[in-house]
Amino acid sequence: MESLKLLAVFAHPDDESMGMGGTLAKYSAEGVDTHLVCASRGERGWFGSEEENPGLESLGQTRTVELQNAVNALGMQSLNFLGYIDGDVDKADHAEAISKIVTHIRRIKPQVVVTFPPDGNYGHPDHIAIGQFTSAAIVCSADSSYKDFENLPAHRVSKMYYMVDGENFINLISPFMGDMTFPVDDQLRGEIAWKEWMITTRIDMAEHCGAAWEAIQCHKSQLPTIGALAEMPKESAASVLSMQGTFYRAFSLVNGGRKVETDLFEGLR
């Protein structure tokens, strides 16, 4: 049997740790090859005073190191960047972005791909864009007539998931987070929790949430985004993170039905 491989495709450094760190740590510890493709280096994620802002290049370098440390803490096999600027992912040339992701899919050959849902979790345009690009890349990757940048052979992904936040988790963390809304164009966007009945897959990864918390702590420049949660003791934080591990199965070639899965590789083992 071929080795199990999981590819996560996200927009910014910290999406992997804050979004599904426990799940990634669990599968890495179990011997699954876990890989990350990140669209940007988080160049606009500055939360200090504007006078002290180091600028896009310098902040991008800082966050790249933070991400590499987090990937190491999670036991992941590889990290690759698409080369887009934080905040501009939704402006990327769609054909180019899709081809770049296809190249990674065909090179890594994952059975499972995880990305953002259509709402980007809380409406972030970069999240929405990378989710759309990834969905298209999965289709193109399986098409032998599609030529990526390296002309690699076709690869068919067996399962695709959206990383989602359920109501129970959002209700738990909301008091610690403060205002979770932000403006986009002329609208105010924010977290919209998925109903518990909408979740197709729940991963029990509680014993790996300590590693997830260590990975989150690697993203020192981003800790202000999680409010009082950042100051929690490791044990308490791990308990909160254990309520993550919720996903929506966007498609599967190997299983189905409404019974809630407990494994992203269900139907493949």
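Would you work out if the range 73-159 is rounded, prolate or oblate? Take a ≥ b ≥ c from the square roots of the eigenvalues of the alpha-carbon gyration tensor; rounded if a/c is under 1.5, else prolate when a/b is larger than b/c, oblate otherwise. The partial results should precede the final answer.
On the way: a/c = 1.59, a/b = 1.32, b/c = 1.20.
Because a/c hits 1.5 or more and a/b exceeds b/c, the range 73-159 counts as prolate.
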Inset, instruction - Compute log10 of I(q)/I(0) for the range 88-130 with the Debye formula, placing one identical point scatterer on every Cα and leaving out solvent, at q = 0.28 Å⁻¹, to two decimals. - result: -1.00
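Kirkwood Rh, the chain, all Cα pairs: how many Å?
On the way: mean 1/r = 0.0534 Å⁻¹.
Kirkwood hydrodynamic radius for the chain: 18.7 Å.
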Inset, instruction - Can you tell me the dipole magnitude for the chain around its Cα centre, using point charges on the Cβ only (Lys, Arg +1; Asp, Glu -1), in Debye to the nearest 20? - result: 1140
Inset, instruction - May I have the extent of the alpha carbons of the range 161-228 along their three principal axes, as whole Å values ordered from largest to smallest? - result: 42, 34, 23
Legend entry - Residue-averaged 222 nm ellipticity for the chain, from DSSP H runs of 4+ at -39500 (n - 2.57), nearest 500: -11500 deg cm²/dmol
Legend entry - Amide H partners (placed H, <5 Å) of residue 39, local residues excluded: 10, 11, 12, 82
Inset, instruction - For a footprinting-style exposure proxy, rank 112, 240, 102, 184 by other Cβ within 10 Å, fewest first. - result: 184, 240, 112, 102
Inset, instruction - Name the residues whose placed amide hydrogens come within less than 5 Å of the amide hydrogen of residue 114, ignoring near sequence neighbours (fewer than 5 apart) on the same chain. - result: 7, 8, 9, 161
Legend entry - the range 19-66-the range 103-179 distance, computed between alpha-carbon centres (Å): 16
Legend entry - Protection proxy ranking of 149-160, 205-216 - average other beta-carbon atoms within 10 Å, highest first: 205-216, 149-160
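Can you classify the range 10-88 as rounded, prolate or oblate using the Cα gyration tensor, where a ≥ b ≥ c are the square roots of its eigenvalues, rounded means a/c under 1.5, and otherwise it's prolate if a/b beats b/c and oblate if not? Write down the numbers at each step before the final one.
Working: a/c = 2.66, a/b = 2.15, b/c = 1.24.
Note, shape of the range 10-88 comes out prolate.
With N set to the residue count of the range 118-256, report its C-alpha Rg divided by 2.2 N^0.38 Å to two decimal places. Display every interim value, and only then the final one.
Details: Rg = 17.7 Å, N = 139, 2.2 N^0.38 = 14.3 Å.
Normalised Cα radius of gyration, the range 118-256: 1.24.
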Legend entry - Calculated FRET value between residue 56 and residue 107, using beta carbons and R₀ = 30 Å, to 0.05: 0.60
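What does the highest-first list of 231-238, 123-130 look like by mean Cβ count within 10 Å? Intermediate values should be presented prior to the final figure.
Values: 231-238: 13.9, 123-130: 22.4.
The most tightly packed comes first, giving 123-130, 231-238.
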Inset, instruction - Find the lysine pairs in the range 5-252 meeting two conditions, Cα atoms under 19 Å apart and a separation of 8 or more places or different chains, and report how many there are. - result: 12
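Read the figures in this text as sums done on the coordinates, not as results from a lab. Just so we're clear, the structure is a prediction, and the values are computed from it rather than from any experiment. Because the Cβ atoms are built from the backbone with ideal geometry, glycine has one as well, and the counts that use them run over all protein chains shown.
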